Every structure is written in C-alpha cells, then in structure tokens.
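We did not get these values from a lab; they are worked out from the coordinates using the rules stated. Source: prediction; values computed, not measured. Methodologically, a virtual Cβ is constructed for each residue, glycine included, from the backbone with ideal geometry; neighbour enumeration extends over all protein chains shown.
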Amino acid sequence: MRAAIAIAVLSVFLVGCGTNMARYSFETQPRSPLEAAGMKSARGVKMDVSPSGMISLIAVYDDNGTSRVGFTMSHDGADNFAAVRAISPESVKISAHGENDPELAVAGRNIYALWEQTHADGTRDIVMASSPDMGQRFDTPVKVNDNTTPSFHGFASLAVAPDGDVYVAWLDGREKVETPGTFAVYLARSTDRGATFGKNVRVAPGACPCCRPAVAIGANGEVFVAWRKVFPGSIRDFAVSTSHDNGQTFSASVRVAEDGWQIHGCPESGASLAVAKGKLYIAWMTAGDDGRGRIRVATSGDGAHFSRPNDVATDIRDPNHPQLAATQNGSVFLCFQGRPARKSTGNWSESVALVAPIEDGKVGAEIPLANGGKTASYPALAAGPAGDLFVAWTASGGGADSILIARGARQ
C-alpha cells in the first residue's frame, strides 16, 4: 500500500525502536472521503487494515431515513473509498450509542462486523456478519448470544485468533445479579469463521453496565478479557480474566490497578487491549478524587501481573475512549479524545483526537490532530503494514455527524 501520503507536517513524534528512531507526521487537515462513497450522517466508525494494505471501515449511517451498518474499503491509502454497502438488515433497528457502536476485525481474506440490533418485539441480540472474500460480499448476520429469553446484550467487542477462531465478548443481562445495576461479561467462540457460535460462557459477574469489555488473543492462544468491575463501595476499576482453553473457562479476575475511582453511575468508558511481542497492553480512562480524568496504560506478560500504570494526558481535559493498535513490527500506539488546553487564553478547546507512541510500556508525548473545526469523539485507530497510521472519528457540529480521517506517515 504505502500509498504515497503527501502530508504537510502538523505535528511529529519519534518512536523508539531499539537504537533506531522512527519519525511520524500527520496531515494538517482531516479528510472526509466517506461522503463521496455514500456514507452520510455517519457515526461510530471502526477501521482495520489487511496485510495487503486494504483499509476496511464500518460505521452507522443514514440510509434513506433508516440507520444501517455500512461497510466500505479503500485500496489507495484512504484517498478514496468504494461505494458504501449496507450489511445490516433494513428491518431491524441498530442500537449504536456511545461505546455501543459496531466493531470490526480483519483476518486475512475474512472480514467480521459485529453490532447490537433490536427486533420489532423489543429483544436485543448481538449479531455478526462475515465476509470470506475481503468485503466483496457479506453473509447473512448470525446471532452470537444463545439465550432465548429476552434480555439485554450489548457493548460487544471481538478478536480473531491466529488459527481463525473468532471470539466475542459483551455485557449480558440474562441472569440475576448480586450487585444491583451491573451486568455479567459473557464470551462466545466461533470455530467456523463466523458461520456459527458455540455455547456462551460467563466470564465474570459484576461489570459496569455500559463500559464495553475488551477481548484480545495472546501469543500462546490465551484469551484475555478486560472489563470495568464494580467493587464494593461503587469503586469502578478494571479487571482482566484469562482463558487457557480457548475460552471454555476463565481464571479469577485480576485487578489491573487500584485506581479507587468511586462513581455512582456508569462512565460509559471501556478499556482497549493489544498484544505485541508477547506482551499484553491495556489502556483505560479513570478519574481520581479531584474528578479530573486521565488515561492510563499498563502491560502484562501473562494477564495475571500488571506493571505500574503509566499516566497519560494529565494536562488534557476530558480525555476518554482510548484505543490501542499495534503495527506488524510490534510498535504500539495509543489514540484517544480530549481537550488540549489553550494556554494563550486559558479557555477549553474543542475535543480532538490525540495519538501517542508506546515504547517498553512508556507512553510518549501525545499529539493533537486537527479536527476540521468540529468536535471529535470516539476515535478509531488502525495501523498499516508499512507502519502508516489511520485515525478516524465522529465529527459533530454544524449539522449532521460525519466521519473524518487523518493519516500519519512514517518518515
């Protein structure tokens, strides 16, 4: 791919790779190529990049007055995207709000799109549509949750193992809970590339009811699931549980860090996981006694012991919704939204997407991206095979929501 991305330097950061330093720069203005592809009034974007460099993208968009999950792709480094294809049925209502947006994963020629939908009778299901041919066609969506009694299912995430098995984790309200106002975390596995899903497995109870859990696959086939757990006293810190048998059973949960964030309500902010060079990375948002939010990053070699968290964005207002992405050579990057301080006036700025490199568990200086004059929220981050970075987000202000994209090139 490595489309020659002609980028005027807005900002630059250096990424350490042993004794070498790689320079990255980002476009001075974000682009909106999706409107030309037919994706208007769009939100909740997700991206992934195949080893060949094809960019896959999904979002919820307006299709003649109906909200649909749409898919599109780019073969030229996000210069242009193919005509948007609706992959969710017209007869169902797409539930997409906050972090409860669709999810996307690419594995070889296979593409997987995951979302929550509400049927006419009010039942909510997690469904997944699969493409076996790099997005040329998508099969009929299949249901992931296996219970027949109507209950809540939402805030789902997915990951694909090296052997092709697909794992989905979500918040589930099918059972009676010990802690009021919580859901359980459930997981399902597909061994036939998304054609069917097996028996649902409860990972843990007591999860914050609108913070998306995250799932990732380890170097040795471990299945890691992270969620915001409600501890006694309404302390809402993150926990991780690990499976060593393909998601059939899970270890007791491990508290990633004792943030001690007491909040009587759901912050609607989940964690992000990435695996690189045999190490598990986790990023999340929390707040202290002063109520000021911050992003934290920690690492683990086994999912049972975590490093001391690295605090990020301590001088950024309202940092939230972190996303991690790893390049093929094992470099890891962090993206999130926040309000950089306007030091000249002291006023708050509009929310923008920010990107930072991670090296040996340490997070470098975050770089704010131009937001095109609109508020940026829920950023998505993807890394290309040549190390290029792609950041997309929901842009709000001045009318309907839209999707903007900024590209970062390794110099």
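The GluC sites (Glu not before Pro) of region 55-118 meeting both criteria, a DSSP state outside H, G, I, E and B (loop) and at most 14 other C-beta atoms within 10 angstrom of the site's C-beta, are GLU90. Applying 0.36 nm per residue to the separation of ASP163 and GLN262 and subtracting their alpha-carbon distance, the gain on full extension is 31.6 nm. From largest to smallest, the equivalent ellipsoid semi-axes obtained for region 211-289 from the alpha-carbon gyration tensor read 24, 13, 10 Å. For the chain, relative contact order (Cα pairs under 8 Å, six or more residues apart, normalised by length) works out to 14 percent.
Every pair of different Cα atoms in the chain enters the Kirkwood calculation, which places the hydrodynamic radius at 21.2 Å. If only the Cβ of Lys and Arg carry +1 and only the Cβ of Asp and Glu carry -1, the dipole of region 44-159 around its Cα centre is close to 140 debye.
How would you rank THR249, THR182, THR118, going from fewest to most other Cβ atoms within 10 Å of each one's own Cβ?
THR249, THR118, THR182
Residues considered: GLY364, GLY233, GLY373. Largest GNM mean-square fluctuation over the chain, using C-alpha springs under 10 Å, is found at GLY233. Taking Cβ atoms as reference points and 12 Å as the exclusive limit, the residues near VAL254 contribute a net charge of -1, counting Lys and Arg as +1 and Asp and Glu as -1. Fully extending the segment from ILE235 to GLU175 would add 19.4 nm, taking 0.36 nm per residue of separation and subtracting the current Cα-Cα distance.
Just rank PHE197, PHE231, fewest to most, by other beta-carbon atoms within 10 angstrom. Show your work: numbers first, answer last.
Numbers: PHE197 23, PHE231 17.
Exposure proxy ranking, most exposed first: PHE231, PHE197.
Computed over region 150-195, relative contact order equals 37 percent, with contacts defined as Cα pairs under 8 Å that lie 6+ residues apart.
Extending 7 Å from Cα along the Cβ direction at PHE152 and again at THR196 yields two label points whose distance is 3.1 nm. Sorted largest first, the principal axis extents computed over the alpha-carbon atoms of region 188-234 equal 42, 24, 15 Å. Within the chain, which is the longest segment containing none of the trypsin sites (Lys or Arg not before Pro) that sit in a DSSP loop and have at most 12 other Cβ atoms within 10 Å? Longest gap between qualifying sites, sites excluded: 1-136.
Taking other C-beta atoms within 10 Å as the exposure proxy, SER95, SER241 rank SER95, SER241 from fewest upward. For the pair ASP302 and ASP79, the difference between a 0.36 nm per residue extended length and the Cα-Cα distance amounts to 76.3 nm. By the Kirkwood approach, averaging reciprocal distances over each pair of separate Cα atoms, region 288-368 gets a hydrodynamic radius of 13.7 Å. Normalised by 2.2 N^0.38 Å, where N is the number of residues, the C-alpha radius of gyration of region 242-338 stands at 1.14. Cα-based values for region 158-252, radius of gyration first and Dmax second, are 13.3, 43 Å. Derived value for region 87-228: Kirkwood hydrodynamic radius 15.2 Å. Basis is the mean of 1/r over every pair of different alpha-carbon atoms. Once you reduce region 124-145 and region 323-383 to the center of their Cα atoms, the two points are 31 Å from each other.
Is the shape of region 344-411 best called rounded, prolate or oblate, per the rule: a/c under 1.5 gives rounded, else a/b larger than b/c gives prolate, else oblate, with a ≥ b ≥ c the square roots of the Cα gyration tensor eigenvalues? Since a/c reaches 1.5 but b/c is at least a/b, the shape of region 344-411 is classed as oblate. For region 276-411, the Cα-based Rg and Dmax, in that order, read 15.3, 47 Å.
Across SER88, SER307, SER157, mean-square fluctuation computed from a Gaussian network of the chain (C-alpha pairs under 10 Å connected) peaks at SER307. For region 19-144, list log₁₀ I(q)/I(0) at each q in 0.11 Å⁻¹, using the Debye formula over Cα point scatterers of equal strength and ignoring solvent, two decimals each. Log-scaled intensity ratios, in q order: -0.40.
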